[in-house]
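Reviewing the structure listed below.
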Amino acid sequence: QVQLVESGGGLVQPGGSLRLSCTASGSFFSSSIMGWYRRAPGKQRELVASINSGGSANYPDSVKGRFTISRDNAKNMVYLQMNSLKPEDTAVYYCNQRLGITFYWGQGTQVTVSS
C-alpha cells in the first residue's frame, strides 16, 4: 500500500520561497512517475510539476523557471522547490505517485502567498 505524506507548506510573502517535501512508503518508488499538483479555491486541481524515473521533469508555463521538482530514490522522497512565489500560487499542494494506471495521493499541504 502506497502512502504519501507532504510537509513544508505555510505562509510566505510574495517573492519568497518554500520547499515542499513528500515521503513515500511502499514499493516501486524509484520506477514511479512522481508529481506535485495543486488546487486553489474555486479551481480545478492542476499539475505543477512531474518527474519520471530517469529524473526528467516537466512543468506548465505558469511555474516554469520558478519551481523545481527533484527526487531522492534512496530516501523515497520527492521535493518541490518554489521560488518567486506569487499570490496566485496559493493552493493546497498534493504529492502524487503514478504506478501503472493507479494514482496515489497525499493529504495535501497548504501554501499561502500573501503580504
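The values are calculated or read from the model by the stated rules, or taken from the named source; none is laboratory data. Remember, predicted model here, so these are calculated numbers, not experimental data. Every residue, glycine as well, gets a Cβ built from its backbone with ideal geometry; the counts of neighbours run over all protein chains shown. Side chains included, ligands, DNA and RNA excluded: accessible areas come from the protein's heavy atoms. Shrake-Rupley method; radii C 1.70, N 1.55, O 1.52, S 1.80 Å.
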Inset, instruction - Determine which single condition residue 61 fails, assuming it passes every other condition in (1) among the acidic types (Asp, Glu); (2) touching a residue at least 40 places away in the same chain (Cβ under 8 Å); (3) assigned to a loop (DSSP other than H, G, I, E, B). - result: (2)
Legend entry - Complete set of residues in the stretch 1-59 that are touching a Pro at 6+ places or on another chain (Cβ under 7 Å) and among the β-branched types (Val, Ile, Thr): 48
Inset, instruction - Give me a count of the residues in the stretch 58-97 that are of a type in the set (A, V, I, L, M), buried (at least 21 other Cβ atoms within 10 Å of the Cβ) and closer than 14 Å to residue 23 by Cβ. - result: 2
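Is it the case, given these coordinates, that residue 55 is assigned to a loop (DSSP other than H, G, I, E, B), open to solvent by less than 70 Å² (accessible area, probe 1.4 Å), of a type outside the set (A, V, I, L, M) and more than 22 Å from residue 107 (Cβ to Cβ)?
The answer is yes for residue 55.
So that you can scan it fast, the table gives a plain yes or no per residue for (1) in contact with a Ser or Thr (Cβ under 6 Å, 6 or more places away or on another chain); (2) over 20 Å from residue 2 (Cβ atoms):
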residue	(1), (2)
31	yes, no
36	no, no
41	no, yes
44	no, yes
47	no, no
50	no, no
68	no, yes
72	no, no
Inset, instruction - Those residues that are open to solvent by 30 Å² or more (accessible area, probe 1.4 Å), assigned to a loop (DSSP other than H, G, I, E, B) and modelled with pLDDT of 95 or more, I need them from the stretch 10-42; list them, please. - result: 13, 14, 15, 17
Inset, instruction - Could you figure out which of (1) buried (at least 16 other Cβ atoms within 10 Å of the Cβ); (2) under 15 Å from the mean Cα position of the chain (by Cα) isn't true of residue 113? - result: (2)
